[in-house]
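Take a look at the structure below.
The values are calculated or read from the model by the stated rules, or taken from the named source; none is laboratory data. Only a predicted model underlies this, so the values are computations on that prediction, with no experimental measurement involved. All Cβ positions, even for glycine, are placed from backbone atoms using ideal geometry, and neighbour counts span all protein chains on display. Please note that ligands, DNA and RNA were not included when accessible areas were found on the heavy atoms of the full protein model with its side chains. Shrake-Rupley method; radii C 1.70, N 1.55, O 1.52, S 1.80 Å.
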Amino acid sequence: MPNKVSIIGAGMTGSTSAHWIAQQEIADVVLVDIVEGMPQGKALDLQEAMPVIGKDVSIVGSNDYEETKGSDIIVITAGLPRKPGMSRDDLLSTNSAIVKEATEQTLRLSPDAIYIILTNPLDVMCMVAMKAGNLPRERIIGQAGILDSARMRAFVAMELEVSVENINCYVLGGHGDSMVPLTRHSNVAGVPLNKMLSAERLEAIVERTRKGGGEIVALLKKGSAYYAPAAAIAQMVEAILKNKHLIVPVSVYLQGEYGHTDFFFGVPAQLGRDGLEKVIEYDLNEEEMESLNKSASHVTEVVEQAKI
Ligand code: APR
């Protein structure tokens, strides 16, 4: 039987995730949304594209959770996106209720599913889903670090005119302005970034990475980024379903790693068929640790605010 991925929220990120997953023939996809007809319409349109690209996957849209029964992975993108001038944290109370409901509704039909969360504020929404489903930490992973790192990789590639495949960047911490781009661990084909770029250029790239989501929100004026976040979702889905043991920066529930415990935070982690396999701990210097701790305080403040 083919693998099945259900995506709750068939908006821009949800439907684009379905697109990437179907295009790479990773799994059958179910799109669920509260808007009548919209997930059905998008799913049918995508299904009709499959003969053109020669991929045999099924894509179904629904307003009913029953269709998600027996999913291997549940992706939650349901919620409100940011408007210009809004921070990810401004979405807190509305999105908490949506993520809680989506988790409860899907878990009763797919009791063994692994959850990938995208809804913002990301690190806190992961916690909402974890508590709502009483899930072990292996089965709940937030998408943020792959996107933030990809943005940094894209900026370095544009600056140096080098293939994106040669560029390795690692962005850790909370998914917000306090994120921590690790320049010392980032490199171009093994050469450290600070040997390839001046201190000023590197700082400019770090700053642009931190504000990468906001840059797109300001340009779009309506809604937030979706191509790159959705591509990151597809990469996580593939890593899990193909048991790739892939190490990527994602948001996971820390239990002592990096000196922190009991909240979701962006760290490098290995993903396989059971979800989170392990957290990779970098050797961080004092300055990097300080930035990470600052980012951690921000995440825990929002968790407290959310009263989960
Ligand atoms: N159940 C199912 N779907 C819902 C629910 C719900 N209770 N509430 C809202 N939705 C749907 C909306 O109808 C909409 O189609 O979630 C979808 C969200 O899609 P978009 O508005 O296009 O937002 P998108 O850009 O995809 O972002 C979704 O991901 O990156 C984050 O900050 C972003 O939190 C936001 C989320």
To the nearest 20 debye, the chain has a Cα-centred charge dipole, built from +1 on Lys and Arg Cβ and -1 on Asp and Glu Cβ, of 300 debye
Here the gain from full extension of residue 201 to residue 294, 0.36 nm per residue of separation minus their alpha-carbon distance, amounts to 31.1 nm
Per the 1/(1 + (r/R0)^6) rule, R0 = 35 Å and r from the Cβ atoms of residue 270 and residue 194, FRET efficiency to 0.05 is 0.80
Note to self: Kirkwood Rh of the range 1-55, Cα pairs, one decimal, Å, is 11.2 Å
If every Lys and Arg gets +1 and every Asp and Glu gets -1 at its Cβ, then about the Cα centre the range 81-230 yields a dipole, in debye to the nearest 20, of 200 debye
Taking Cα pairs closer than 8 Å and at least 6 residues apart, the relative contact order of the range 4-142 in percent is 23 percent
The range 262-282 scanned against label point 7 Å out from residue 137 along Cα→C-beta; backbone N under 15 Å for 262-271, 275-282
The lysines whose Cα lies under 29 Å from the Cα of residue 242, excluding any fewer than 8 residues away in the same chain, are 4, 42, 55, 69, 100, 131, 278
Log10 I(q)/I(0) at q = 0.14, 0.18, 0.21, 0.22 Å⁻¹ for the range 4-142, from Debye over equal alpha-carbon scatterers, is -0.60, -0.95, -1.22, -1.30
Heavy-atom accessible area of residue 16, protein chains in place, probe 1.4 angstrom, given in Å² to nearest 10, is 10 Å²
For residue 215 and residue 64, extending 7 Å from Cα along the Cα-Cβ vector and measuring point to point gives, in nm, a value of 4.5 nm
Net charge (Lys, Arg +1; Asp, Glu -1) of residues whose beta-carbon lies under 14 Å from that of residue 25, residue 25 excluded, is 0
Taking Rh as the Kirkwood radius computed over alpha-carbon pairs of the range 145-306 and applying Stokes-Einstein at 37 °C with viscosity 0.692 mPa s, one gets a diffusion coefficient in µm² s⁻¹ of 200 µm²/s
In Å², rounded to a whole number, the accessible area per residue of the chain with probe 1.4 Å is 45 Å²
Shape descriptors of the chain over alpha-carbon atoms, Rg and Dmax in angstrom, are 18.6, 55
If amide H atoms are modeled at 1.01 Å from N in the peptide plane, then the residues at a separation of 5 or more from residue 140, or on another chain, having amide H under 5 Å from its own are 115, 276
If R0 = 35 Å, then residue 55 and residue 177, at their Cβ-Cβ distance, give a FRET efficiency to the nearest 0.05 of 0.35
Sorting 50, 259, 135 by the position of each Cα along the dipole of the chain (Lys, Arg +1; Asp, Glu -1; all at Cβ), the one nearest the positive end of that ordering is 50
Relative contact order as a percentage, the chain, C-alpha pairs under 8 Å and 6+ apart, gives 17 percent
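Of all GluC sites (Glu not before Pro) in the range 105-212, which ones are in loop regions per DSSP and have a Cβ with at most 12 other Cβ atoms within 10 Å?
Sites meeting the loop and neighbour criteria: 161.
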Per the 1/(1 + (r/R0)^6) rule, R0 = 35 Å and r from the Cβ atoms of residue 159 and residue 247, FRET efficiency to 0.05 is 0.90
Checked against the positive end of the charge dipole of the range 145-306 (+1 on Cβ of Lys and Arg, -1 on Cβ of Asp and Glu, about the Cα centre), the farthest of 155, 206, 302 is 155
Carbon/sulfur accessible area of the chain, % of total, 1.4 Å probe, equals 51 percent
